Amino acid sequence: MADELGQRVLSLGMELLGPYAALRAGSPEARLRGEIEHQYQTAWGHTLAGGTSEIQRTTIAVRALGLPAEPRGR
Amino acid sequence: MDLAFSPAQTLLQQSARTFLLQRCPPERVQELALDRRGFAADLWKEIAALGWPGLLIAPEHGGSGASLADALALMEELGRACFPGPFVPSAVVAATALGLAGGRRAHGLLAGLATGSRICTLALLEGPGRLAPEAMTLPIAAPGRLTGRKLFVPDAHAATDLIVVGHASAGPAVLLLPMGRPGIIARPLDSMTGDKLFELSFADVEIGPDDLLAQPGRAWAVLGPALRAGALARCAEMAGAAQRVLELCVEHARVRVQGGRPIGSHQAIQHACADLYRDVESARWLTWEAEWALASGRPDADATVAAAKAHGAEAALRVARRGHQIMGAIGYSEEHPLHLLHKRILAASQDMGDAALHLETLARAIGL
């Protein structure tokens, strides 16, 4: 779930850069070598790949905290 | 406050949706986004035939003299389709400013905008990237010579005319120039949103007294309402795009089966979809409330526009971002329209003043 923190940090970065935020690496006027733009675009895959954040939370709730599991599919 | 659509507005939305589904599908939007100099001249011609660029132009100048509400109804559909190109700068902001400015040159340009033969872009932002009078300091003298630069000028490659905002000795000043005036140099920027943005340099450009769009002291009387209309147009665009994200997510949650049941039967996904719904509805109704406040001349109209743009930006971005989480891997592929909607929302959230700027306006309006 550290990837959710990454998404928050990159969203804030985009906000701070204002109209410069969307400029890609190599564009005139790009800030921070376009790094924030690139990382922002990739960030939304990180909470999906290798088990979504929802799956991770269910794992914590059931395995670590001992809560009852959701009923299985019909 | 009656916010129900008129039959004409409903018809406009329906016909726009049908047209855009056929002529501006996601594949076309993606193709234009990837083309660094892309401009859909054919689409612009077709929307001109439908009268869209002339909606806010008075009938005596060739437009249909429609209301801002009509234009916002259309903007929701343009947002839904991720329609690319200079509709907001040219058909909303420039058309409004030119109508308020009046005069022979403004009227001549309005007639061209209405037929689609001309397009007017806006040179507003400078280094600080803030849409505020004190951050637009390009020195203007008319008659005189113009030297300096502007950033994030949309569709300078497609525009025939240009509104330039700067500062003269008497305060804010606004020029109307042909793009072809010697000394105006456009350099493309590369934006991930697919918008075609440019740096414009003015190298000793000759300025005559006729180039002033508004007389000294009147610049903001012309620009203020035009920028407010532009901000609301972006709000409606974001609301339309966010509504589409919600629909895609709900449909996906209904049909995508994981572990033997639709993912939408899990509360984690149900609550996420409910949050999307809340954000879409609140963004949309704040926009229409602001339109109503403007149209009825309420004293708090400025504050309602600022609230709509600040909230709309944050809410629509939340929708796009959460939408990725609901859609999963399919929404993360280039073949799926979600990334186009996300980019459209991102671009609209920053154009015509970002959330921070509008929150400042709101803070002042409530006496802070």
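So the values come out like this:
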read-out	value
Long-range HN-HN contacts of B:Gly129 with modeled amide H, under 5 Å	none
³J(HN,Hα) computed for each position of the stretch B:281-295 - Karplus, 6.51 cos²θ - 1.76 cosθ + 1.60, integer Hz, glycine/proline x	5, 5, 5, 5, 6, 5, 4, 6, 5, 5, 4, 4, 5, 5, 5
Anisotropy class of the stretch B:34-143 from Cα gyration tensor, a/c 1.5 cut	oblate
Charge dipole of chain A about the Cα centre (unit charges at C-beta), most positive-ward option of A:His46, A:Leu23, A:Leu67	A:Leu67
Charge-dipole axis of chain B as Lys and Arg at +1 and Asp and Glu at -1 on Cβ define it, positive-most pick from B:Thr115, B:Gly259, B:Ala363	B:Gly259
Label-point gap, in nm, between A:Glu70 and B:Asp35 - each point 7 angstrom along Cα→Cβ	4.4 nm
Gyration tensor (alpha-carbon) shape descriptor, chain B, a/c threshold 1.5	prolate
Lys, Arg +1 and Asp, Glu -1 on Cβ, resulting dipole of chain B about Cα centre, debye, nearest 20	280 debye
Average partner coverage of A:9-22, which counts Cβ from other chains inside 10 Å	5
Vicinal HN-Hα couplings computed from phi for the stretch B:60-73 (Karplus, 6.51 cos²θ - 1.76 cosθ + 1.60; Hz; Gly/Pro x)	5, 10, x, x, 9, x, 6, 8, 4, 4, 4, 5, 5, 4
Relative contact order of chain B, pairs being alpha-carbon contacts under 8 Å that are 6 or more residues apart, as %	16 percent
Among A:17-23, B:341-347, the order from most to least packed when residues are scored by Cβ within 10 Å on average	B:341-347, A:17-23
Unit charges at the beta carbon, dipole of chain B: most positive-side option, B:Gly328, B:Ala170, B:Gly183	B:Gly328
Karplus (6.51, -1.76, 1.60) ³J(HN,Hα), θ = phi - 60°, over the stretch B:42-48, in Hz, Gly and Pro reported as x	5, 5, 4, 5, 5, 6, 5
Helix B:104-115 axis, angle to chain B major axis (alpha carbon atoms, nearest 10°)	30 degrees
Prolate/oblate/rounded call for the stretch B:235-368, Cα gyration tensor, a/c under 1.5 rounded	prolate
Dipole magnitude of the stretch B:175-231 about its Cα centre (Cβ charges: Lys, Arg +1; Asp, Glu -1), debye to nearest 20	240 debye
Folded to 0 to 90 degrees: helix A:2-17 orientation relative to chain A principal axis, Cα	30 degrees
10 Å Cβ neighbours from other chains, averaged over peptide B:325-331	4
Whole-number percent relative contact order across the stretch B:138-296, with pairs defined as alpha carbons under 8 Å at least 6 apart	20 percent
Separation between Cα centres of the stretch B:164-208 and the stretch B:88-153, rounded to whole Å	8 Å
Nitroxide proxy distance, nm - points 7 Å out along Cα→Cβ at B:Thr18 and B:Thr160	3.0 nm
Under 19 Å from the Cα of B:Lys150 - lysines, other chains or at least 8 residues apart	B:Lys196
Long-range amide H partners of B:Ala123 with built H, under 5 Å	B:Ile163, B:Val164, B:Val165
Spacing of the two label points (7 Å from each Cα toward its C-beta) at A:Ser53 and A:Arg33, in nm	2.8 nm
Lys, Arg +1 and Asp, Glu -1 on Cβ, resulting dipole of the protein assembly as shown about Cα centre, debye, nearest 20	560 debye
Chain A: relative contact order in percent, alpha carbon pairs under 8 Å with at least 6 residues between	26 percent
Centre separation in Å (Cα based) which lies between the stretch A:2-39 and the stretch B:43-71	36 Å
At R0 = 30 Å, FRET efficiency that the Cβ-Cβ distance of B:Val257 and B:Arg278 yields, to 0.05	0.70
Approximate shape of the protein assembly as shown as ellipsoid semi-axes (Cα gyration tensor, √5λ), whole Å, largest first	40, 23, 20
Contour minus Cα-Cα distance for B:Ser201 and B:Phe5 (0.36 nm per residue)	66.2 nm
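No value in this document is a laboratory result; all are computed from the given coordinates. Quantities reported herein were computed from a predicted structural model and do not represent experimental measurements. Positions of Cβ are generated from backbone atoms using ideal geometry, with glycine treated the same way; all protein chains shown enter the neighbour counts.
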